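Peer 1: First the structure, which I've put down as structure tokens, then a few questions once you've had a look.
The values are calculated or read from the model by the stated rules, or taken from the named source; none is laboratory data. These numbers were taken from a predicted model, which means no experiment stands behind them. Note: ideal-geometry Cβ built from the backbone for every residue, glycine included; neighbour counts use all protein chains shown.
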Amino acid sequence: MKVIFTEQQKKHYPHSFFSSGAPLPNPEVPERADRLLAAAVASGLMPEVPEDFGLEYISKVHTDRYLIYLKNIHRRWSRIEGGSSEVVPGIHPDRRDGGYPASAVGQAGWHHCDTASPVSADTWDSVLWSAHTAAHAANKVLFGERACYALSRPPGHHATREVASGFCYLNNAAIAAEVLRRKYDRVAILDVDVHHGNGTQEVFYERDDVLTVSIHADPVRFYPFFWGYAEEKGSGDGAGFNLNLPLPRGTADDDYLRTLDTAIDAIARFSSTAMVVALGLDAYEGDPLRGLAITTPGFARIGRRIGEIGLPTVLVQEGGYLSDELGDNAVYVGPYPGPGPKVRVSSPGGREPVWAPDGSALHYLAPDGTVVSVTIDYDGELRAGASRARTAAPTFVSPSLEETSYDVMPDGSLVVVRDDRTTQPEIRFVANWLEELKRLAPPED
Ligand SMILES: [Zn+2]
């Protein structure tokens, strides 16, 4: 599977935003992308740079005047004497059915809902490439890949047709859905970010060809406050095609998974033929935003359930803010175990960790001659750690994985032989195994 990303997405570097009236450093920093990319590549995903799709899909989601605004507002704003270095709105209409002003200050008020999505000279380029990243991943799925991960940054799910908010500018998940609609009649968007995907909901609220489902911390006490309630079910042709599943703050793994089942039932009833996952990682218990309390093993369980839906899937990165574990909660998409032929994989020199063919374990030849296997238990829980086996004999069987055997070749290469179980795709979230691997098999000094 591929991870789509380009460095142009890192140019946007917002300074601050206001939280409870106080200016705070903006947490949507480029380093998020570095961590997520490192974790994705370490998980075996192949990086690929997106193509430029122009405005073909973006303009299906956003209005022309909003795109013109985003592209030009920083240049216009910089002409305001005494104005801030970044475009930050200070006045908003209470409804958007009034007149559309010509003034830069007035338009900023129209096109932003809060102070969290400032616009600098670099913002347009980054948000454009973040959208191309989502479109490129969806295009991969359109042309036959089962799943593709769009490392879109800045995120997108709070962006409506013409309003930026919550660190979001262009709605990447909605853009991915529009790409999928070229081939698939019924596309589901499942938003697992801790915040309600209000932008995505708005874009498709009156449509019956895209089902929007969001699981999030209850907006009664959490951003985005005004949307995300269970009563919002779509309108017109879209009536019945929007499902909000708010959860009390602090909800942990088991209750979350029960709610996820409700979401999955809705996706099945809709007879979806393809899916976009708006992949926020900020439901994590250690996330600075503290909305829900999903553990890293919980993410693995959530990922597995989502993978079992079995649809062609585009994963679009949404939120998830810096914590030591951010990368550990990032996504890995691999096959789900089932019967299959034996396949051999090898690690030249035995020095790089090698994935089992079914993606269920990493194997590593430690300097002391033992093999370390880090596994994920498919009953849903992470196995507590890694197991080790002596390579006294050239071929032996792992104590933890009876069906796996290893050969250490004369040149020191590690060969892993294991059943290839590729009957179903699975999305799962790589948990702490990389840390475990480092702990058990420290590199040679
Ligand atoms: Zn979020």
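Peer 1: Looking at (1) closer than 17 Å to Trp124 by Cβ; (2) assigned to a strand (DSSP E or B), can you tell me which one Ile73 breaks?
Peer 2: Result: Ile73 passes all but (2).
Peer 1: Failed condition for Ala252, given (1) surrounded by 18 or more Cβ atoms within 10 Å (Cβ to Cβ); (2) modelled with pLDDT under 95, with all others met?
Peer 2: With respect to (1) surrounded by 18 or more Cβ atoms within 10 Å (Cβ to Cβ); (2) modelled with pLDDT under 95, Ala252 is out only on (1).
Peer 1: Another question about this same structure. Would you confirm, using the coordinates I've provided, whether Phe225 is free of Cβ contacts under 8 Å to residues at least 12 places away in the same chain and either aliphatic (A, V, I, L, M) or in the same structural domain as His132 (by TED's automatic domain parsing) (or both)?
Peer 2: The answer is yes for Phe225.
Peer 1: Here are some residues: Phe53, Phe17. Which one is not in a loop (DSSP other than H, G, I, E, B) and not acidic (Asp, Glu)?
Peer 2: Phe17
Peer 1: Residues that are surrounded by 22 or more Cβ atoms within 10 Å (Cβ to Cβ), in a strand (DSSP E or B) and more than 14 Å from the ligand (Cβ to nearest atom): does segment 277-300 have at least one?
Peer 2: Looking through segment 277-300, none of the residues is surrounded by 22 or more Cβ atoms within 10 Å (Cβ to Cβ), in a strand (DSSP E or B) and more than 14 Å from the ligand (Cβ to nearest atom).
Peer 1: Could you identify the single residue in Ala131, Ala102, Ala137 that is among the small types (Gly, Ala, Ser), away from the ligand (no atom under 16 Å from the Cβ) and more than 23 Å from Arg32 (Cβ to Cβ)?
Peer 2: The unique qualifying residue is Ala102.
Peer 1: Pick from Lys233, Lys183, Lys140: which is without any contact (Cβ under 8 Å) to a residue 12 or more places away in the chain and charged (D, E, K, R)?
Peer 2: None of the other options fit; the residue is Lys233.
Peer 1: Taking the options Leu36, Leu67, name whichever one is among the hydrophobic types (A, V, I, L, M, F, W, C), outside any loop (DSSP other than H, G, I, E, B) and in contact (Cβ under 8 Å) with a residue 24 or more places away in the chain.
Peer 2: Leu36
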